[in-house]
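Structure, as structure tokens:
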Amino acid sequence: MSLRAGVLAVQGDVSEHARAIERAAAAHDESAEVIEIREAGLVPDCDVLLLPGGESTTISRLIQRSGIADEIAAHVGAGKPVLATCAGLIVAASDAHDDRVDALNIVDATVERNAFGRQKDSFEAPLEVTGFDEPFPAVFIRAPVIDYVGPDVEVLASWDDRPVAIRDGHVVGTAFHPELTEDPRIHDLAFFDSLES
Ligand code: GLN
């Protein structure tokens, strides 16, 4: 089977995610066709969707204006997987406590922008993730704090006593950047586990 993976490409890192999806697919003897989403009309053809990091206020404005936001909501409504990382998670949340971010509300969680590890803008941490044998090398860059998760949200990993990886149905969100290491396990968990369940 070839997976059609849409990577939102209005702003932010795209090629690293494309490579991570391809690595995760290869581990399952599958292939992935990565489609860069810059305009409306492409999301409905995708099996899975990735909302990357970047600047959440910019991403939010561009997806609302282009109509991509409604298509993402329909994708989730149809039960198809999404991985939302860092700014992508901010956009996906039910509230980001910022008027410039129009909440997509596809995960039952709220976030506070730029609040994680305020003392240093970025850091790497070995993260224990539910179901992983070895810690995941998680890179945090001006990461959001997840300050509320709904009752049906599963916390997959925490750092500093705060959730940093969550799953709500077929939507997985991380406060960190799983594409910045060679380790495809988060993309695997988001896309291949959910497809098989
Ligand atoms: N600080 C960014 C924001 O609030 C997110 C940073 C990131 O995606 N690495 O949008």
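The values are calculated or read from the model by the stated rules, or taken from the named source; none is laboratory data. A quick note: this is a predicted structure, and the numbers were derived from the prediction, not measured. Note that we place each Cβ from the backbone using ideal geometry, even for glycine, and neighbour counts take in every protein chain shown. Remember, those area values only see protein heavy atoms, side chains included, never the ligands or the DNA or RNA. Shrake-Rupley method; radii C 1.70, N 1.55, O 1.52, S 1.80 Å.
Observations on the model:
- Those residues of segment 116-131 which are in a loop (DSSP other than H, G, I, E, B) and buried (at least 16 other Cβ atoms within 10 Å of the Cβ), in sequence order: 116, 117, 129
- Number of residues in segment 13-58 that are part of a loop (DSSP other than H, G, I, E, B), touching a Pro at 6+ places or on another chain (Cβ under 9 Å) and open to solvent by less than 40 Å² (accessible area, probe 1.4 Å): the value is 2.
- Test result for residue 62, at pLDDT 95 or above and either open to solvent by 20 Å² or more (accessible area, probe 1.4 Å) or part of a helix (DSSP H, G or I) (or both): yes
- Residues that are without any contact (Cβ under 8 Å) to a residue 40 or more places away in the chain, touching a strand residue (DSSP E or B) at 6+ places or on another chain (Cβ under 8 Å) and under 25 Å from residue 170 (Cβ atoms) are absent from segment 114-127 altogether.
- Selection count where residues are under 22 Å from residue 55 (Cα atoms), modelled with pLDDT of 95 or more and among the hydroxyl-bearing types (Ser, Thr, Tyr), scope segment 143-183: 2
- Selection from segment 94-113 of residues that are in a strand (DSSP E or B) and within 13 Å of the ligand (Cβ to nearest atom): 111, 112
- Looking across 76, 91, one residue alone is open to solvent by 10 Å² or more (accessible area, probe 1.4 Å), part of a helix (DSSP H, G or I), in contact (Cβ under 8 Å) with a residue 40 or more places away in the chain and closer than 20 Å to residue 186 by Cα. It is 76.
- Residue 84 falls short on exactly one of the conditions (1) within 16 Å of the chain's Cα centre (by Cα); (2) over 19 Å from residue 168 (Cβ atoms), and that condition is (2).
- With respect to (1) of a type outside the set (Gly, Ala, Ser); (2) surrounded by fewer than 19 Cβ atoms within 10 Å (Cβ to Cβ); (3) more than 23 Å from residue 47 (Cβ to Cβ); (4) away from the ligand (no atom under 16 Å from the Cβ), the lone exception for residue 139 is condition (4).
- Evaluation of residue 160 against the conditions (1) at positive phi; (2) touching a helix residue (DSSP H, G or I) at 6+ places or on another chain (Cβ under 7 Å) shows that the sole unmet condition is (2).
- Residue list for segment 145-183, restricted to those being in a loop (DSSP other than H, G, I, E, B) and touching an Asp or Glu at 6+ places or on another chain (Cβ under 6 Å): 150, 153
- Residues of segment 184-197 that are assigned to a loop (DSSP other than H, G, I, E, B) and at pLDDT 95 or above: none at all.
- The set of residues in segment 79-106 being of a type in the set (Val, Ile, Thr) and closer than 18 Å to residue 17 by Cβ consists of 82, 85, 90, 91, 106.
- Of 163, 151, all but one fail to be exposed (fewer than 15 other Cβ atoms within 10 Å of the Cβ) and away from the ligand (no atom under 16 Å from the Cβ); the exception is 151.
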